[in-house]
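**Q** The following block contains the structure, expressed as structure tokens.
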Amino acid sequence: MLKEWLTRLRFLIAPKPHGEIDDELQFHLEQQTQANIAAGMTPQEARRQAVIALGGVERAKQQSHEQRPGFYLETFLQDTRYALRGFGRSPVFTLAILMTLMLGIGATTAVFSIVDRILFRSLPYAHADRLVSLGMVHSVETHEFLMGNFYYNWRDHQQPFEAMTSEQTGSAECDLTEGKPAQLNCESVEGNFLSVLGVSPVLGRNFLPEETRPGGPNVGLISYGLWLTHYNLDPGILNKTMEIDGSPVRVVGVLPRDFEMPRLQAVDVMLPMRVDEAADRRANGGYGSPRRAFARLKPGVTVQQAQAELQPLFQQDLKLVPSELRYDIHLKVRSLRDRQMQDARLTAWVLLGAVFAVLLIACANVASLLMARGAMRARELAVRSALGASRTRLARQVLTEVLLLSVAGAVAGCALAEGLLRLFIAIAPASIPYVAKAELDLRIIGFSVFLSIACGGLFGLAPALQKPTREALNGRPLTLVSHATVRQWLVVAQIAASMVLLAGAMLLLRSFRNLQNQHLGMRDDSTLTVSITLGEHNYPTAQSELTFFEQVQQRLRFGSGVTLVATTDSLPPTSEHDVTRYDLVEIAGRPPSHGETGTVVTYRLVSPDYFRVLDIPIVQGAGFSDAELTSSEHFIVLSRLLASLLFPDGNAVGQQLRFSQNPKDAWNTVVGVAANVKNGGLTGADEPEYYALRRNRAEDWDRGGTWGRTSVVLVRSALPAAEMSRWIRSQVAALDPTLPVDIATLRQRVSKLADRPRFQTTLVSFFAATGLALAMIGLYGVIAFLVAQRTQEIGVRMALGADKGDILRLVMGRSLRLIVAGTAVGLLAALGATRVLSSLLYSIGPDDPVTFGLVTLLLVLVAIVAALIPARAATSVDPMIALRCD
């Protein structure tokens with residue numbers, strides 16, 4: 001069968017033997033001649049008319065050849081062989097094209113594969129564009145939420161939504177206490193949670209109404225990952241029980257592999273949120289329990305329309321809030337994509353803009369190189385046209401070359417894209433969503449290849465489609481001037497685009513440097529941080545948590561090389577800490593303040609050695625003492641910023657404060673004032689702060705704060721971090737071998753906060769360097785081409801007395817005009833484009849003059865060097881050889 005198929009293919013491709021074609025033509029010619037003789041013509045005239053009717057013997061042969069089924073395939077293979085020979089004769093040109101396409105396609109594909117999920121691809125929910133997050137926000141809680149009573153009112157009276165649902169606030173750890181004990185993430189949701197999202201379990205079912213009521217059966221849905229890792233994809237998992245925090249939970253379903261919680265938090269087990277609605281409406285002073293709410297818009301309703309329609313409900317419920325707090329509470333409705341991506345979208349747009357600038361520079365370079373090659377081949381194409389080749393035949397030859405180069409560049413680009421994508425994923429921060437799931441995107445590969453083919457076809461086909469002229473046959477095509485002009489404008493565009501990329505990269509570099517060199521207000525060296533989260537099952541009470549951390553501190557305090565040990569519920573400079581409202585602070589002996597400041601106050605629970613471990617100076621009074629750990633009184637230390645706000649006269653020590661205006665809350669005695677510490681994240685403004693002593697009393701370990709279930713042990717030691725980490729893990733494991741422990745140096749934790757700026761800066765700098773290299777290659781190619789075209793003119797000038805300096809000035813004059821034009825255009829474009837980076841910059845403006853001065857100087861110097869190489873080559877032209885050139 002294969003042999004027969006190959007035989008047929010050979011028949012289609014292989015041309016007929018010339019003798020066979022000659023015999024056929026001779027037969028037809030004789031037949032027509034005999035017919036003409038029979039019509040009364042003389043034999044000579046009959047022969048002549050027969051030849052005329054046939055259209056010429058050679059032409060007939062060519063037409064017969066072209067009518068074969070395999071003619072176009074044969075022609076393509078012939079053009080391919082010719083193109084490959086041409087590439088071999090011009091290896092520098094071929095390599096330049098392939099490298100340019102590889103960089104342009106590879107970088108574009110890798111970055112688009114990362115940002116596609118952030119900017120364009122639909123979320124993994126049915127009709128995801130209609131899902132929104134909604135609720136109220138204020139200065140203490142900037143992510144929308146609803147209290148239970150408000151949620152029920154909105155759910156029952158809203159108009160713009162098909163349905164509403166909710167989940168618990170925060171994130172709950174739970175313990176799997178069967179088989180291999182493990183700490184999991186459990187989330188409690190309303191019964192209609194999955195249906196509102198448009199998600200169905202891949203195995204089993206959703207929650208039933210009776211399972212969402214108080215006292216209902218303990219059931220849960222498990223994640224696909226837990227099903228895989230813990231149960232080995234057992235199809236019989238349904239209706240089996242698993243022990244969560246010591247209680248049996250029956251598995252009723254498995255979530256899809258690609259399922260994501262709306263807030264993108266991890267989930268291993270999804271539990272029904274069993275709430276007594278009537279009781280919840282009365283709980284918490286009539287507000288009910290807090291929750292995160294989501295809804296599905298009705299078809300045709302926009303987010304803006306939904307927010308406008310919810311305003312009356314919001315204003316109605318706002319009346320239930322104390323009047324002094326209303327000013328700080330606002331309604332917020334946004335798409336679920338905005339809720340998930342937040343400020344990552346700006347980062348994605350910046351990266352996408354940078355990489356497309358590189359792609360455009362690459363396309364301009366390809367166009368410039370192909371135009372130069374076309375101009376150099378003008379005589380060859382004119383000769384082939386004069387010998388009978390049609391414009392279509394010439395265009396097909398050039399198109400084959402462009403296609404071969406584009407395909408080869410695309411293959412190399414895909415290989416580069418795979419490597420770059422793996423690198424980008426490795427260095428990308430976890431705070432940018434979906435990066436870890438990025439894969440090579442065939443759509444952008446196709447788009448990049450199409451763009452390169454279109455660019456090459458547009459500029460590469462132009463010489464083949466032009467009408468041949470006498471000048472072209474003599475090697476002096478008239479179109480060289482126009483081609484040179486277009487190429488020069490392309491170089492100007494490349495330099496301008498490089499200017500924009502360099503300006504953005506330099507701004508991000510200087511901003512990142514400012515970020516790393518800022519004063520934190522504490523030491524971040526020689527300190528290990530040990531983060532431990534205790535599960536509810538093994539540590540059900542605040543007393544059990546207190547006992548565990550007392551034992552940990554006791555073990556670590558007397559270790560070899562350990563100088564100081566302290567504990568805290570959160571660490572600066574991260575913004576993950578508890579906050580309260582400044583206008584709720586009450587000072588003993590003063591009337592309550594109800595000022596509408598909108599300011600928040602940060603607070604932490606710390607042990608006495610906290611300030612000594614981090615080397616935070618106490619500027620007034622004293623820090624905490626061990627004797628105060630067992631006291632029934634409450635002690636606090638204020639930051640200098642908070643002390644200056646509350647006590648402008650400087651008399652803070654000994655004052656008593658209460659951080660609410662509830663008469664039942666305890667008063668706190670100020671025992672000292674500490675120096676300010678960076679506490680709003682690396683880029684955020686410093687916030688007023690106070691430190692509360694975490695005493696050896698269960699009430700201070702009641703998990704009331706946002707981060708209450710996690711505590712951090714700080715260990716100061718001069719020993720190597722790796723050695724200390726191993727020892728600390730062994731000490732914690734001796735107390736509880738099932739606990740996960742996260743150990744890192746404080747410097748590593750601080751550096752991790754700069755992961756996103758570092759990622760942005762690295763990628764934009766890489767693209768800027770790539771764009772600059774491509775632009776300089778383009779500038780070098782244009783100048784080298786102009787020198788080659790003006791070789792005879794240069795020879796004449798040198799023969800008439802011009803020295804090397806005159807020739808250098810002649811060539812560099814043209815180069816400098818291109819450099820100045822590109823830099824000027826790029827400077828104007830960069831001044832506008834860099835304003836997009838304003839929110840990504842730290843302690844530097846988007847129009848920083850020093851940055852633009854450095855970038856301009858760098859670009860001009862590199863461009864001059866790129867132009868100087870072919871310019872110096874022009875000075876070595878031999879006048880006698882140049883004058884012999886046609």
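**Q** Of everything in segment 659-674 that's open to solvent by less than 20 Å² (accessible area, probe 1.4 Å) and either in contact with a helix residue (DSSP H, G or I) (Cβ under 6 Å, 6 or more places away or on another chain) or touching a residue at least 60 places away in the same chain (Cβ under 8 Å) (or both), which residue is nearest to Met522 (Cα to Cα)? It would help to see each step written out before you state the result.
**A** Step one: filter segment 659-674 for residues open to solvent by less than 20 Å² (accessible area, probe 1.4 Å), giving 670, 672-674.
Keeping just the survivors that are either in contact with a helix residue (DSSP H, G or I) (Cβ under 6 Å, 6 or more places away or on another chain) or touching a residue at least 60 places away in the same chain (Cβ under 8 Å) (or both) gives 673-674.
Numbers: Val673: 15, Ala674: 11 Å.
Checked segment 659-674; the qualifying residue nearest to Met522 (Cα to Cα) is Ala674.
**Q** Being touching an Asp or Glu at 6+ places or on another chain (Cβ under 9 Å), of a type in the set (Asp, Glu), modelled with pLDDT of 90 or more and more than 20 Å from His537 (Cβ to Cβ): is that true of Glu211 here?
**A** On the way: touching an Asp or Glu at 6+ places or on another chain (Cβ under 9 Å): no; of a type in the set (Asp, Glu): yes; modelled with pLDDT of 90 or more: yes; more than 20 Å from His537 (Cβ to Cβ): yes.
It is false that Glu211 is touching an Asp or Glu at 6+ places or on another chain (Cβ under 9 Å), of a type in the set (Asp, Glu), modelled with pLDDT of 90 or more and more than 20 Å from His537 (Cβ to Cβ).
**Q** Taking segment 299-338, which residues are at pLDDT 90 or above, under 29 Å from Leu840 (Cβ atoms) and in contact with a His (Cβ under 8 Å, 6 or more places away or on another chain)?
**A** The answer is His330, and nothing else.
**Q** Would you be able to say whether some residue in segment 280-300 is open to solvent by 20 Å² or more (accessible area, probe 1.4 Å), over 39 Å from the mean Cα position of the chain (by Cα) and polar (S, T, N, Q)?
**A** yes
**Q** I'm trying to understand the selection: among the residues of segment 139-170, which are farther than 22 Å from Val267 by Cβ and of a type in the set (Gly, Ala, Ser)?
**A** Let us first name the residues in segment 139-170 that are farther than 22 Å from Val267 by Cβ, namely 139-140, 142, 147, 149-150, 152-162.
Correct list: Ser139 only.
**Q** Just wondering, is there one or more residues in segment 234-251 that are assigned to a strand (DSSP E or B), open to solvent by less than 40 Å² (accessible area, probe 1.4 Å) and closer than 25 Å to Ala126 by Cβ?
**A** Looking through segment 234-251, at least one residue is assigned to a strand (DSSP E or B), open to solvent by less than 40 Å² (accessible area, probe 1.4 Å) and closer than 25 Å to Ala126 by Cβ.
**Q** Do you know which residues across segment 728-752 are out of contact with any strand residue (DSSP E or B) (no Cβ under 9 Å at 6 or more places or on another chain) and open to solvent by 70 Å² or more (accessible area, probe 1.4 Å)?
**A** The answer is Pro737, and nothing else.
**Q** Check Arg263, Arg257, Arg281, Arg296 and return the single one that is among the basic types (Lys, Arg), touching a helix residue (DSSP H, G or I) at 6+ places or on another chain (Cβ under 9 Å) and modelled with pLDDT of 95 or more. Show your work before the answer.
**A** Details: Arg263 fails: modelled with pLDDT of 95 or more; Arg257 fails: modelled with pLDDT of 95 or more; Arg281 fails: modelled with pLDDT of 95 or more.
Unique residue meeting the criteria: Arg296.
**Q** Can I ask one more? Condition first: open to solvent by less than 10 Å² (accessible area, probe 1.4 Å) and among the small types (Gly, Ala, Ser). Can you find one or more residues in segment 154-163 that meet it?
**A** Quick first cut of segment 154-163, residues open to solvent by less than 10 Å² (accessible area, probe 1.4 Å) only: 154, 160-161.
Checking the rest, the ones that are also among the small types (Gly, Ala, Ser) come to none.
No, there is no match, as no residue in segment 154-163 is open to solvent by less than 10 Å² (accessible area, probe 1.4 Å) and among the small types (Gly, Ala, Ser).
**Q** With respect to the numbered conditions (1) assigned to a strand (DSSP E or B); (2) out of contact with any Ser or Thr (no Cβ under 7 Å at 6 or more places or on another chain); (3) open to solvent by less than 40 Å² (accessible area, probe 1.4 Å), which one is the sole condition not fulfilled by Gln620?
**A** (3)
**Q** State all residues of segment 181-233 that are within 34 Å of the chain's Cα centre (by Cα), within 21 Å of Tyr151 (Cα to Cα), of a type outside the set (Asp, Glu) and open to solvent by less than 30 Å² (accessible area, probe 1.4 Å); if no residue qualifies, say none.
**A** Residues satisfying the conditions are Ser188, Val189, Phe193, Leu194, Val196, Leu197.
**Q** Of all residues in segment 124-153, count the ones that are part of a loop (DSSP other than H, G, I, E, B) and open to solvent by 10 Å² or more (accessible area, probe 1.4 Å). First the steps, then the outcome.
**A** The initial filter retains those residues of segment 124-153 that are part of a loop (DSSP other than H, G, I, E, B), namely 124-127, 138-144.
The next check asks that each one be open to solvent by 10 Å² or more (accessible area, probe 1.4 Å); those that pass are 124-127, 138-143.
The number of residues fulfilling the criteria is 10.
**Q** While we're on this one: Restricted to segment 562-582, and to residues that are part of a strand (DSSP E or B) and hydroxyl-bearing (Ser, Thr, Tyr), which residue is modelled with the lowest pLDDT? Full working, then the answer.
**A** Applying the first criterion (part of a strand (DSSP E or B)) to segment 562-582 yields 562-568, 578-581.
Those still in the list that are hydroxyl-bearing (Ser, Thr, Tyr) too: 563, 567-568, 580.
On the way: Thr563: 92, Thr567: 93, Thr568: 92, Thr580: 84.
Among those that are part of a strand (DSSP E or B) and hydroxyl-bearing (Ser, Thr, Tyr), it is Thr580.
The values are calculated or read from the model by the stated rules, or taken from the named source; none is laboratory data. What you are looking at is a predicted structure, and each value in this text was computed from that prediction instead of being measured. A quick note on method: Cβ atoms are made from the backbone with ideal geometry, for glycine too, and the neighbour counts reach across all protein chains shown. Accessible surface is based on the protein model in full, side chains and every heavy atom, while ligands, DNA and RNA are left aside. Shrake-Rupley method; radii C 1.70, N 1.55, O 1.52, S 1.80 Å.
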